[in-house]
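Input: a single structure, listed below in structure tokens.
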Amino acid sequence: DAGVIQSPRHEVTEMGQEVTLRCKPISGHNSLFWYRQTMMRGLELLIYFNNNVPIDDSGMPEDRFSAKMPNASFSTLKIQPSEPRDSAVYFCASRRTANSNQPQHFGDGTRLSIL
Amino acid sequence: GQQLNQSPQSMFIQEGEDVSMNCTSSSIFNTWLWYKQDPGEGPVLLIALYKAGELTSNGRLTAQFGITRKDSFLNISASIPSDVGIYFCAGPSANAGGTSYGKLTFGQGTILTVHP
């Protein structure tokens, strides 16, 4: 079975540019999560969706970050304009149901470098 | 908010040695999850624990859900070079009323290095 698929795997761009990260959750999973991982702060939850609806976006750093889930099989995380401090690995994860006791399954991440 | 404290932060061991790491919290968790992250990849679920006192094995890995529900342990026996990576504990976050509301709280990770 296919796992969570993220694209691109790597992105290098100049500050000020718009960045769009993409995620396809595991088929049949109803919850989707976006995380950011850095050496300094570890894994941070940015936002999560249940049944395509954003439930908690309190982890989104600022208005430059936005996330959408137009359907059950696709989500995007957008940064506009990007800044060097946004450089990190961004992970998408999905979970079968909204039951928080069920495990999340992670994609391989997008390594983002903002110059 | 809830926090999970993992120890040790890092370990350097020789191949063949056993490894033990733990995760503690000041509040109760109803589920403990252990993930491993290989370099350049996302975290992968190793073991899920759902009951206080539960002891679960997955190959050379054994994890326990502490009786107090405030801690969990992960042991790796006879380590091999591919055990290298970062090990995370995680559990569902809860509000002040104790209701889980969908998020996972992650520990800061234990970095494991295995020398051949």
In segment A:1-79, the GluC sites (Glu not before Pro) that sit in a DSSP loop and have at most 11 other Cβ atoms within 10 Å of their own Cβ are A:E14, A:E18, A:E62
If you project the alpha carbons of the protein assembly as shown onto their three principal axes, what span does each projection cover, largest first, in Å? 48, 44, 34
Rounded, prolate or oblate for chain B? Axes are the square roots of the Cα gyration tensor eigenvalues, ordered a ≥ b ≥ c, and the cut-off for rounded is a/c under 1.5. prolate
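Can you list which of the trypsin sites (Lys or Arg not before Pro) found in segment A:21-51 are DSSP loop residues with at most 16 other C-beta atoms within 10 Å?
Taking segment A:21-51 and a limit of 16 other Cβ atoms within 10 Å, the loop trypsin sites (Lys or Arg not before Pro) found are A:R41.
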Pick out, from A:P54, A:H105, A:V89, the residue whose Cα sits farthest towards the positive end of the charge dipole of chain A, with +1 on the Cβ of Lys and Arg and -1 on the Cβ of Asp and Glu. A:H105
Which residue, A:G42, A:G28, A:G16, has the most motion in a Gaussian network model of chain A that connects Cα atoms within less than 10 Å? A:G42
Between B:G66, B:G85, B:G53, where does the largest GNM mean-square fluctuation fall for chain B, given springs only between Cα atoms within less than 10 Å? B:G53
If N is the number of residues in chain A, what value comes out of its Cα radius of gyration divided by 2.2 N^0.38 Å? 1.00
If you build a Gaussian network model of chain B, linking Cα atoms that sit under 10 Å apart, which residue out of B:G102, B:G16, B:G91 swings the most? B:G102
Taking each residue of A:87-100 in turn, how many C-beta atoms of other protein chains fall within 10 Å of its C-beta, and what is the average? 2
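Filter the chymotrypsin sites (Phe, Trp or Tyr not before Pro) in segment B:15-116 down to the DSSP loop ones having no more than 14 other Cβ atoms within 10 Å, then list what survives. Numbers along the way, then the final one.
Details: sites: B:F29, B:W32, B:W34, B:Y35, B:Y50, B:F65, B:F73, B:Y87, B:F88, B:Y101, B:F106; in loops: B:F29, B:Y50.
Those satisfying the criteria are B:Y50.
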Counting only other chains, and only Cβ atoms inside 10 Å, what mean value do you get across the residues of B:37-43? 6
How shielded is A:102-109 by partner chains, expressed as the average number of their Cβ atoms within 10 Å of its Cβ atoms? 6
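Each reported figure results from applying straightforward, stated rules to the coordinates on display, with no laboratory input. Because the structure is a prediction, the values reported are computed rather than measured. Glycine also receives a Cβ, built like all others from the backbone with ideal geometry; neighbour counts cover every protein chain displayed.
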